[in-house]
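Q: Please read through the structure below; I'll follow up with questions.
Only the coordinates and a few stated rules stand behind these numbers; no lab work does. Since this is a predicted model, take the numbers as computed values, not measurements. Glycine also receives a Cβ, built like all others from the backbone with ideal geometry; neighbour counts cover every protein chain displayed.
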């Protein structure tokens, strides 16, 4: 079964073709970083307009790179939420048009479910149940993954997502957008014990990062940005500690033997290193996708779509994009 996946929930326009849920025939991602850089964040209207300008070339490149034709595709999967409505609308409309015109099956995919499927490419025989941490610019949520397609939410951020804390922290420090990779780059040369930024103590498995952002702003106002590499390392360490500690606590509480980490922040080098170390100590299996499949991409949408289409599911042509929708079983 060959699936075309399309992803456009935020500012990446992506298309990919995946065979049998395990072989990537092509993957194309068009970033908009240069468009939004001068604003220090994503501008929804600009994101939507650039998706319109990019979607045809991205789709054509994905088909060309795969060395197959639309006639060979069995189904089309596209993100329908959550995300920016205008951005979602572009990719979803294109997916429907392709599926309808080529008489192919069509399925809408939840963006978070796509991220949770990303690790299946590299770890097809991963064990369940698993604790899943979805950590990105818009999401920081802990799930109990009972099996593929079966999720139980355990906790989530009560204010900002971890990715937003990275990006807004970088903006506070005068770094370029996107800020997360910049903090990671500078932190690798810094001392994480330079300054003790606060770690929020939310109940159970919930997160909070707004206080940490405020603490960084206060620090900068008082001391400036001297020792920038040390500041970045200390700030990053606080975020990593909160993410890792909550995830490990959830794994212990639910007596699971594996941890799945996905989303754009899963590319962070300190986070990956800390999870690897802690999981080795606790003899836990760790599933983190390769870096290119952590950030928004269409391979993960094709993977999730494959599972649904294989089981006989499909979506109506009336499926509408949704800015927010919970991830349900």
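Q: With contacts defined as alpha carbon pairs under 8 Å and 6 or more residues apart, what's the relative contact order of the chain in percent? Don't skip to the end; give the middle numbers.
A: Numbers: 739 pairs, mean separation 82.4, N = 329.
Averaging sequence separation for qualifying contacts and normalising by length gives 25 percent for the chain.
Q: Taking the Cβ of each residue in 72, 11 as the centre, tally the other Cβ atoms inside 10 Å and list the residues starting with the fewest.
A: Values: 72 14, 11 26.
In order of increasing Cβ crowding within 10 Å: 72, 11.
Q: Please arrange 140, 214 by counting, for each residue, the other beta carbons lying within 10 Å of its beta carbon, fewest first. Numbers along the way, then the final one.
A: Numbers: 140 30, 214 12.
The fewest-first ordering by Cβ neighbours comes to 214, 140.
Q: What translational diffusion coefficient, to the nearest whole µm²/s, does the stretch 127-291 have by Stokes-Einstein, given a Kirkwood radius computed over alpha-carbon pairs, a temperature of 10 °C and 1.306 mPa s viscosity?
A: Details: Rh = 15.9 Å.
Using the Kirkwood radius from Cα pairs, D works out to 100 µm²/s.
Q: Once every DSSP H run of n ≥ 4 in the chain is given -39500 (n - 2.57) and the sum is divided by its residues, what mean residue ellipticity at 222 nm do you get, rounded to the nearest 500 deg cm²/dmol? Mind showing how you got there, number by number?
A: Details: 11 runs with 142 residues, N = 329.
So the helix-based figure for the chain works out to -13500 deg cm²/dmol.
Q: Please figure out what share of the DSSP beta bridges in the stretch 127-291 is antiparallel and state it in percent, rounded to the nearest 5.
A: Details: 12 of 20 bridges.
Bridges in the stretch 127-291 are about 60 percent antiparallel.
Q: Ranking 139, 195, 111 by Cβ neighbours within 10 Å, fewest first, what do you get? The partial results should precede the final answer.
A: Details: 139 23, 195 18, 111 27.
Ascending Cβ contact count within 10 Å gives the list 195, 139, 111.
Q: Would you compute the Debye intensity of the stretch 233-329 from its alpha-carbon atoms alone, equal scatterers and no solvent, and pass along log10 I(q)/I(0) at q = 0.13 Å⁻¹ to two decimals?
A: Those come out to -0.63, one per q.
Q: Also, I was wondering about something else. Pick from 243, 212, 313: which is most flexible by mean-square fluctuation in a GNM of the chain where alpha carbon atoms under 10 Å apart are linked?
A: In this elastic network of the chain, the residue with the biggest mean-square fluctuation among 243, 212, 313 is 313.
Q: Compute the distance in nm between two label points, each set 7 Å from the Cα along the Cα-to-Cβ direction, one at residue 67 and one at residue 204.
A: Distance between the two pseudo-spin positions: 5.1 nm.
Q: Calculate how many DSSP beta bridges within the chain are antiparallel, expressed in % of all such bridges and rounded to the nearest 5. Mind showing how you got there, number by number?
A: Details: 25 of 43 bridges.
Around 60 percent antiparallel, to the nearest 5.
Q: Right, here's the next one. Cut-off 10 angstrom, C-alpha nodes, Gaussian network model of the chain. Which of 60, 125, 249 fluctuates the most?
A: 125
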